[in-house]
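Structure record follows, encoded as structure tokens.
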Amino acid sequence: MSAVVCVGSISNIKALWESRIQKHQDELKAERGRRGKSSVGEISNVWESRIQLSKLKEKVYNEDGRLILRIEKEEWKTLPGCLVKLPQLQEWQLHRTGLTTIPTFIANFNNLLVLDLSRNVINKIPREIGRLTKLRELLLSYNRIAEVPAEISGCENLERLELAVNKDISELPDQLGKLTQLTHLDLNMNQFTTIPRAVLELPALEWLDMGSNKLKTLPEDVDKFVNFRDNPLELEVSLPPGEDEEEEEERDLFGLQFMHTYIQESLNSGSTDSFS
């Protein structure tokens, strides 16, 4: 019996397979193209990260055995993630850099003793700041911060906190009173109308600056060095003259006697109701 060759069917099958092979080859080519672009992008990101890290390393100084990152008057609106590769840093000093945010990866810097980011445009303190248990100084004056997070109480070794000239801070979380090591607190030029309860509960506080706020009354149990200058307090206070003008000015600004005299005169005038 002679074989029957179906020419038309073979041609159709061949065309179908050729089409599938071509489609597969096109897909492989497209995938190689995507991988190539991805690789180029990854390589570019790696190199950019290395460049940024190299720039940051140039700003690291060893002073008295302490590693300090110091940047002055250079534009660093954000800090790159590669900074986490320098976890041994013990101090940040970034001034007039235009920094807008404190990165959440700040929590990785367990060795930080001083965080000085004053004179920038920071508008928020991240909650992660509370994980810096070794931090002794947090300096954030001359920024745009409006709120202080409760998590700051986690900075259990904090001795100095400066939030002056943020202009919009009007209260502090009660948890701040847990900072048993805090001796210096600067709240100058903000929007406080009363001294926060947390401040009165700070056991080690020695120096408090609340000048240029909106204080109208004072609590009776304030017995620390306080600057109340340029507040709309209702009573006028005159101090006994000092031995020289410099001594008198110092007491007027920061002296314990200023506060005591204020309270005493308020009691003598019978206006004890003005104290909460």
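The values are calculated or read from the model by the stated rules, or taken from the named source; none is laboratory data. Values in this document were obtained by computation on a predicted structure and should not be read as measured data. Please note: Cβ atoms are built from the backbone with ideal geometry, for glycine as well, and neighbour counts cover all protein chains shown. The protein model used for the area step is the full one, side chains on, heavy atoms only, and it has no ligands, DNA or RNA in it. Shrake-Rupley method; radii C 1.70, N 1.55, O 1.52, S 1.80 Å.
Descriptive notes on the structure:
- Only listed residue being in contact with a strand residue (DSSP E or B) (Cβ under 6 Å, 6 or more places away or on another chain) and hydrophobic (A, V, I, L, M, F, W, C), chosen from LEU83, LEU94, LEU56: LEU94
- Any hit, the stretch 90-100, residues being surrounded by 15 or more Cβ atoms within 10 Å (Cβ to Cβ), hydrophobic (A, V, I, L, M, F, W, C) and either under 22 Å from LYS167 (Cα atoms) or in contact (Cβ under 8 Å) with a residue 40 or more places away in the chain (or both): yes
- One residue stands out among those in the stretch 64-89 that are in a loop (DSSP other than H, G, I, E, B) and open to solvent by less than 70 Å² (accessible area, probe 1.4 Å): the one that is farthest from LEU135 (Cα to Cα), which is GLU74.
- Conditions (1) assigned to a helix (DSSP H, G or I); (2) under 10 Å from the mean Cα position of the chain (by Cα); number of the one not met by SER118: (1)
- Residue list for the stretch 108-124, restricted to those being more than 21 Å from ASN188 (Cβ to Cβ) and either at pLDDT below 95 or open to solvent by 10 Å² or more (accessible area, probe 1.4 Å) (or both): ASN108, ASN110, ASN111, LEU113
- Residue match in the stretch 163-180 (condition: out of contact with any Phe, Trp or Tyr (no Cβ under 7 Å at 6 or more places or on another chain), closer than 23 Å to LEU89 by Cα and open to solvent by 10 Å² or more (accessible area, probe 1.4 Å)): no
- Qualifying residue in the stretch 176-192 (condition: touching a residue at least 24 places away in the same chain (Cβ under 8 Å), closer than 30 Å to LEU218 by Cα and charged (D, E, K, R)): yes
- Some residue of the stretch 185-208 being out of contact with any Asp or Glu (no Cβ under 9 Å at 6 or more places or on another chain), closer than 17 Å to ASN123 by Cβ and either hydroxyl-bearing (Ser, Thr, Tyr) or outside any loop (DSSP other than H, G, I, E, B) (or both): no
- Condition check for LEU200: modelled with pLDDT of 75 or more and crowded, with 18+ Cβ neighbours inside 10 Å: no
- Assessment of the stretch 21-37 against the conditions (at pLDDT 75 or above and open to solvent by less than 60 Å² (accessible area, probe 1.4 Å)) yields no matching residue.
- Residue check for ARG127: closer than 24 Å to GLU147 by Cβ, open to solvent by 30 Å² or more (accessible area, probe 1.4 Å) and either touching a His at 6+ places or on another chain (Cβ under 7 Å) or basic (Lys, Arg) (or both): yes
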